[in-house]
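Below is one structure, written out as structure tokens, with a few remarks after it.
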Amino acid sequence: MTQTDLTLISHHLCPYVQRAAIALAEKEVPFDRRYIDLSNKPTWFTAMSPLGKVPVLQVGDATDPLFESSAILEYIEDTAGRPLHPTDAIQRARHRGWIEFGSTVLNTIGGFYSAKDTDTYEAQQAKLRGLMERLEAELDARGAGPYFDGDRFSLVDTVFAPVFRYFNTFEQGGDLYLLTGLPHIAAWRMELAKRPSVQGAVHDDFAERLQVFMCARQSVLGERFRRMTPPPA
Ligand SMILES: N[C@@H](CCC(=O)N[C@@H](CS)C(=O)NCC(=O)O)C(=O)O
């Protein structure tokens, strides 16, 4: 890859975009970012993104940009130095499985913050808790930290750092038990939050933006955030 060849089409809150931004930063690959409003998608964007989703990665002058974060991660891995995937095929396949697990977690998070009634909210919260317990068991079986793969930062870390970033905001929303009593996840989450690539994957105003997004949800969690947020003076 040569400098300035890459443009990551982004949205300020998107966890899938953050994966790619973290991987590029870890590999010290310079890239530009172009932000779009997903509630008012520009026509140039819908023309280039087959599913109408971010991230999209524009590579040089290619007229056919890359879409889907896992494909983008694989491209970054294949073309830039400092490997973030294990070299061993079976370990690599396992990491891919956990990347997919991370996407299921994100879908469940979406169901959780969008739940419109208490029963659905509780069910989504329980499902999310179950996934976190399964992840905790995996970390326990693996033994060494501080990252998913011991002291090696990997693509799996690029996937879970944005997942854990959500929890910083969710925890302000009240009586959550999503991560209570899960020490391996707690330690991993803390290490990821310290990582410059993770910190730099979002703007400084990420938490405020997520707060505004939550307050605008017509959902159980949205209602909680509206109650917590004082009205403008
Ligand atoms: N499977 C996709 C998911 C990406 C995704 O869901 N992006 C969201 C923002 S976080 C999006 O663009 N949503 C717009 C839409 O669905 O219309 C990936 O891994 O890239």
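The values are calculated or read from the model by the stated rules, or taken from the named source; none is laboratory data. These figures come from a predicted structure and were not determined experimentally. Cβ atoms come from the backbone with ideal geometry, glycine included; neighbour counts cover every protein chain shown. When the accessible area is computed, the model is the full protein with side chains, heavy atoms only, and any ligands, DNA or RNA have been set aside. Shrake-Rupley method; radii C 1.70, N 1.55, O 1.52, S 1.80 Å.
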Hits in region 55-74 (condition: within 15 Å of Val159 (Cα to Cα) and within 11 Å of the ligand (Cβ to nearest atom)): Pro55, Glu68, Ser69, Ser70, Ala71, Ile72, Leu73
Glu77 within 16 Å of the ligand (Cβ to nearest atom) and within 18 Å of Tyr147 (Cβ to Cβ): yes
Among the candidates Gly81, Gly52, residue that is free of Cβ contacts under 8 Å to residues at least 12 places away in the same chain and open to solvent by less than 80 Å² (accessible area, probe 1.4 Å): Gly52
Matching residues in region 1-30 - criterion: being more than 16 Å from the ligand (Cβ to nearest atom), part of a loop (DSSP other than H, G, I, E, B) and at pLDDT 95 or above: Lys27, Glu28, Val29, Pro30
Criterion (in the same structural domain as Leu178 (by TED's automatic domain parsing) and touching a residue at least 40 places away in the same chain (Cβ under 8 Å)) met by exactly one of Thr108, Thr104, Thr118: Thr118
Helices (runs of 4 or more DSSP H) within region 149-233 that include 1 or more residues closer than 19 Å to Ala21 by Cβ and touching a residue at least 12 places away in the same chain (Cβ under 8 Å): 155-170, 183-194, 196-199, 206-215
Test result for Leu131, among the hydrophobic types (A, V, I, L, M, F, W, C), in contact (Cβ under 8 Å) with a residue 24 or more places away in the chain, open to solvent by 20 Å² or more (accessible area, probe 1.4 Å) and closer than 26 Å to Cys215 by Cα: yes
Set Arg34, Arg96, Arg92: member being of a type outside the set (S, T, N, Q), surrounded by 14 or more Cβ atoms within 10 Å (Cβ to Cβ), within 14 Å of the ligand (Cβ to nearest atom) and part of a helix (DSSP H, G or I): Arg96
The one condition in (1) touching a residue at least 60 places away in the same chain (Cβ under 8 Å); (2) more than 27 Å from Tyr147 (Cα to Cα) that Pro86 fails to fulfil: (2)
